[in-house]
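The values are calculated or read from the model by the stated rules, or taken from the named source; none is laboratory data. Computed from a predicted model, the values in this text were never measured in an experiment. Ideal geometry is used to build each Cβ from the backbone, glycine not excepted, and the neighbour counts take in all protein chains shown.
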Amino acid sequence: MMIFKVCHACDRIIGEIELDDLTSHDSHPIMDIVGNVAYALCTDCVRDMETEPSNVYH
Ligand SMILES: [Zn+2]
């Protein structure tokens, strides 16, 4: 069964993967699975979080 992998932060579709392959795909850690959508973080959002870990927006 194919499921969509979607970025949890920007809702961009990262790709499609086999549900059976979830555990072997660790480049985008799966945060949550709802129906046939697996929420992860795309590389852009991961980089944003890593480069701006403590920014406070007022
Ligand atoms: Zn993203």
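Values for this structure:
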quantity: Hits in the range 33-50 - residues which are over 13 Å from Ile13 (Cα atoms) and within 14 Å of the ligand (Cβ to nearest atom); calculated: Val46, Arg47, Asp48, Met49, Glu50
quantity: Qualifying residue in the range 9-26 (condition: modelled with pLDDT under 80, more than 9 Å from the chain's Cα centre (by Cα) and hydrophobic (A, V, I, L, M, F, W, C)); calculated: yes
